[in-house]
Structures are given as structure tokens and as C-alpha cells.
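*Asks:* Pasting a structure below so you can have a look.
The values are calculated or read from the model by the stated rules, or taken from the named source; none is laboratory data. Quick caveat, the model's predicted, so the values are computed rather than measured. With ideal geometry, Cβ positions are generated from the backbone for all residues, glycine too; neighbour counts draw on all protein chains shown. The area values use the complete protein model at the heavy-atom level, side chains included, leaving out ligands, DNA and RNA. Shrake-Rupley method; radii C 1.70, N 1.55, O 1.52, S 1.80 Å.
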Amino acid sequence: MTFRELMERNRSRRKFDESRPVSADELTDLVDLVRFMPSGRNLQPLKYIVTADPAQCAEIFPLLGWAGYLADWKGPAEGERPTGYIIMLLDKDVADTPHCDHGIACQSLMLGAVDKGYGGCIIATVNRKKLAAIFDLPDRFEILMVLALGVPAQEVVLESLPSDGSIKYWTGEDGKHHVPKRGLEEILVGRFPED
């Protein structure tokens, strides 16, 4: 797979095949990859929890917000839920802010997951207090993001923006998830030399 193909396959996935679980070893391998990423001032303040334990996954699932634009959808149904999670933490003993590290790490983890045949969703809408209690986290750790992972069970289709410019994603009657994307001509503000 080329890097472009990897990027194009790296979509937010919200439905998974629970009959094909991810393993804690595979999640740990993904975390091992991000040790090599750049870090602001090389502080490396991010820490992680990985779980593929079905009981923990069941506890984590209701603590997450799944899709802001799909207001009537409460998240994946049983049989379509993630089989693993990576919980990204800021170690406040190392730094008081992640700067841009959490963005770099999320993308790196997701690209690594896609490379392994998985998909996932980066979730920032989290009941942090209850999630911290599940793992008995010390106060020095701040939960930044949760990556929900598994084998994708829904096709995602990239669309051009509609004429009204709406960026809202939707699920069609065919069950496919449609995601509008801005065109290159809209996001590229300048190019020099001009042709």
C-alpha cells in the first residue's frame, strides 16, 4: 500500500466486526511506534493505556460520545463495537500541556492501525472522571483522547462538498458512511511559482 492509499483508508470508523477482536499485543505495538514520533521540546509527555479486555471495553464504551452530526445515533450496536482502546494521557509531571504532540500521536496511531488492517475513531468526548476511575489513575494523568479500534464493518465514502458547502457527514440508506471533503483548490491558498 502506498502512503497515499494509507491516508485515504484512514477514515473515522464507528462500526466494527466484534467477531474479529484486536489484541493487547497489537495495541501495544502501535504505542511502541509512537515512541519514535517528534515531540515538542522532546518532552515526550504522553503516556498510554491499552486494553482489549472485553469487560473493560464494555465499561469504556458508554463513556464515549460517538458522532456529533448523527444526533439520533447513540453509537455502534452490540456486535459492532470496538474490541480495543488506546487511552492517551498527559503526564502532568512531565509537562502541563501536550502542545501538538497528541495530534501527531493520534494520526500516527491511526495510520499504524490502518496498516495492520484495523480502523478506529479518535474520540475527545469522554466522561474523563468515570474513565479515570476504571483504571484508578493518579491525578498526575490527564485523559486527552480515546482511540476506539477494531476491524472496520462499515464502508466510508469520501464525497465532494455539496453545493451548500455543508461538511456534515451522514449515513445513507445503504448503510455507507458519507464524509464530505474540501477540494484541493479550496485548501491550497498559494502555490509558487504559479504555472
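*Asks:* To the nearest 20 Debye, how big is the dipole of the chain about its Cα centre, given +1 on the beta carbon of each Lys and Arg and -1 on that of each Asp and Glu?
*Replies:* 280 debye
*Asks:* Kirkwood hydrodynamic radius (Cα pairs, Å) of the chain?
*Replies:* 18.0 Å
*Asks:* Express in Å², to the nearest 10, the accessible area of M145 obtained by rolling a 1.4 Å probe over the protein heavy atoms while all chains stay in place.
*Replies:* Per-residue accessible area (M145): approximately 40 Å².
*Asks:* Right, something else. Rolling a 1.4 Å sphere over the protein heavy atoms, what is the accessible area per residue of the chain, to the nearest Å²? Could the numbers behind the result be given before it?
*Replies:* Numbers: 11430 Å² over 195 residues.
On a per-residue basis, 59 Å².
*Asks:* Mind grabbing the accessible area of V157 for me, 1.4 Å probe, Å², rounded to tens?
*Replies:* Only protein atoms counted, so the area is about 40 Å².
*Asks:* Over what distance in Å are the Cα centres of the range 149-195 and the range 1-68 separated?
*Replies:* 22 Å
*Asks:* Just from its helices, what would the mean residue ellipticity at 222 nm be for the chain, if runs of 4 or more DSSP H residues each count -39500 (n - 2.57) and the sum is divided by every residue, rounded to the nearest 500 deg cm²/dmol?
*Replies:* On the way: 6 runs with 51 residues, N = 195.
Using -39500 (n - 2.57) per qualifying helix, the result is -7000 deg cm²/dmol.
*Asks:* Taking a 24 Å limit on the Cα-Cα distance, which of the listed pairs K47/K168; K15/K92; K74/K176; K130/K181 fall beyond it?
*Replies:* Beyond 24 Å between Cα atoms: K47/K168; K15/K92; K130/K181.
*Asks:* Separate question: Quick one: compute the contact order of the range 50-195, relative version, from alpha carbon pairs under 8 angstrom and 6+ residues apart, as a percent.
*Replies:* Averaging sequence separation for qualifying contacts and normalising by length gives 25 percent for the range 50-195.
*Asks:* Under the classification rounded if a/c is under 1.5, otherwise prolate if a/b is larger than b/c and oblate if not, where does the range 59-103 fall, given a ≥ b ≥ c as square roots of the Cα gyration tensor eigenvalues?
*Replies:* Values: a/c = 3.32, a/b = 2.06, b/c = 1.61.
It is prolate, given that a/c is not under 1.5 and a/b is the larger ratio.
*Asks:* Another question, then. Rounded, prolate or oblate: which fits the range 1-64 when a ≥ b ≥ c are the square roots of the eigenvalues of the alpha-carbon gyration tensor, with rounded for a/c under 1.5 and prolate only if a/b beats b/c?
*Replies:* On the way: a/c = 2.00, a/b = 1.24, b/c = 1.61.
Taking the square roots of the gyration eigenvalues as a ≥ b ≥ c, the range 1-64 is oblate.
*Asks:* Next up: Quick check on the range 9-105: what does the Kirkwood estimate of hydrodynamic radius come out to from the alpha carbon pairs, in Å?
*Replies:* The Cα-based Kirkwood calculation yields 15.2 Å.
*Asks:* May I pose another question? Keeping the other protein chains in place, figure out the carbon and sulfur percent of the accessible area of the range 72-157, with a 1.4 Å probe.
*Replies:* Working: 1860 of 3890 Å².
About 48 percent, which is the carbon plus sulfur part of the accessible surface.
*Asks:* Separate question: In the chain, which longest range has no chymotrypsin sites (Phe, Trp or Tyr not before Pro) that are both DSSP loop (not H, G, I, E or B) and surrounded by at most 14 other Cβ atoms within 10 Å?
*Replies:* It runs 74-195.
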